[in-house]
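Taking it in order: structure first as C-alpha cells, then the write-up.
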Amino acid sequence: MDKYSIAPDVIDKIPGNVVTVEWSDSDVKVDAGNILRPTEVQNPPSTVCWSAEEGSFYTLLMTDPDAPSRENPKFREWHHWLVVNIPGCDVDKGETVMGYVGSGPPPETGLHRYIYLVYKQKGKIQYTDPVKSATCGDGRGGQKARDVAAKYNLGEPVAVNLYQAEWDDYVPKLYKKLGL
C-alpha cells in the first residue's frame, strides 16, 4: 500500500487490516492497487468486509484523491461512497449517506486511485451533512477523508484497500447519470 502514497495523500498512516471488496457476479475484486475498468465497478460491490468487532459500528468511505488527475488533484478528494453506522461489517444494515458512484476518471488523466477506508466508530453517530443519492455528483469533490474523520470523531482508519482505474467507454454514461 505504501507505494500508492495513500499516506500522506489521504490518511496519516496505513492500517494493518485490509477491507475485502468483491463483485461476485463478475469475479472482480479489489487487490492492493490492481487495475480495474470503470465498466467492471459501475455497480456497488456485492461483498465488503473487514475484521469487525461484535457490537461495534463502522464507517465505510470510498474516495478518489486524484480528481481530476493525479498530476493536478485540485478537487482532492472526490467521495464515491459513504456509509455510516454499519453494524460489524454488514454494510447493507448501515446508513448510506452518499450513494455509490462507480469510477469515472476523465479521459487522458491516467490511473486514479480508488481507496476504501473503514473507521471504527465510538458508537452510533448522527450524520449531519447533506445526504447524496447515487445520481448526485454535487458536493462530492474537494472533500477530505481526514475532515470526515475529524468531524465525526472517527480517528484513524482500521482497514484499507484500493484499486486503480482510468477512463473507459462507461464513463460518459456515468457522467450523464450524474448530470455532469
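The values are calculated or read from the model by the stated rules, or taken from the named source; none is laboratory data. Keep in mind it's a predicted model, so treat the numbers as computed, not measured. Reconstructed Cβ throughout: ideal geometry from the backbone, glycine too, with neighbour counts over all protein chains shown.
Filter the stretch 35-56 down to the residues that are surrounded by fewer than 20 Cβ atoms within 10 Å (Cβ to Cβ) and in a strand (DSSP E or B) and list them by number.
Within the stretch 35-56, ILE35, THR47, CYS49 meet the criteria.
Within the set of pairs 6+ apart or on separate chains, which have a first residue in the stretch 17-45 that is among the polar types (S, T, N, Q), a second that is crowded, with 18+ Cβ neighbours inside 10 Å and assigned to a strand (DSSP E or B), and C-beta atoms under 6 Å apart?
Correct list of pairs: ASN17/ALA159; ASN34/TYR163.
Answer yes if at least one residue in the stretch 22-29 is under 19 Å from ALA145 (Cβ atoms) and either within 16 Å of the chain's Cα centre (by Cα) or part of a loop (DSSP other than H, G, I, E, B) (or both), and no otherwise. Lay out the reasoning, then the answer.
Residues of the stretch 22-29 under 19 Å from ALA145 (Cβ atoms): none.
No, every residue in the stretch 22-29 fails to be under 19 Å from ALA145 (Cβ atoms) and either within 16 Å of the chain's Cα centre (by Cα) or part of a loop (DSSP other than H, G, I, E, B) (or both).
Kindly indicate whether any position in the stretch 117-129 is closer than 22 Å to GLU40 by Cβ and at pLDDT 95 or above.
yes
Can you tell which of TYR116, TYR127, TYR152, TYR163 is touching a Leu at 6+ places or on another chain (Cβ under 9 Å), more than 24 Å from LEU36 (Cα to Cα), among the aromatic types (Phe, Trp, Tyr) and touching a residue at least 12 places away in the same chain (Cβ under 8 Å)? Please lay out each step first, then the result.
Values: TYR116 fails: more than 24 Å from LEU36 (Cα to Cα); TYR152 fails: touching a Leu at 6+ places or on another chain (Cβ under 9 Å); TYR163 fails: more than 24 Å from LEU36 (Cα to Cα).
Only one candidate qualifies: TYR127.
Restricting attention to the stretch 159-173, does a residue exist that is on the phi > 0 side of the Ramachandran plot and surrounded by fewer than 22 Cβ atoms within 10 Å (Cβ to Cβ)?
Scanning the stretch 159-173, I find no residue that is on the phi > 0 side of the Ramachandran plot and surrounded by fewer than 22 Cβ atoms within 10 Å (Cβ to Cβ), so the answer is no.
Count, please, the residues in the stretch 59-73 that happen to be farther than 19 Å from ASP12 by Cα, in contact (Cβ under 8 Å) with a residue 24 or more places away in the chain and out of contact with any Gly (no Cβ under 7 Å at 6 or more places or on another chain).
We begin by selecting, within the stretch 59-73, every residue farther than 19 Å from ASP12 by Cα; these are 67-69, 71-72.
Adding the requirement that they be in contact (Cβ under 8 Å) with a residue 24 or more places away in the chain leaves 67-69, 71.
Of the ones still in play, those that are also out of contact with any Gly (no Cβ under 7 Å at 6 or more places or on another chain) are 68, 71.
Matching residues across the stretch 59-73 total 2.
Could you identify the single residue in GLU95, GLU108 that is among the acidic types (Asp, Glu) and on the phi > 0 side of the Ramachandran plot?
From the options GLU95, GLU108, the qualifying one is GLU108.
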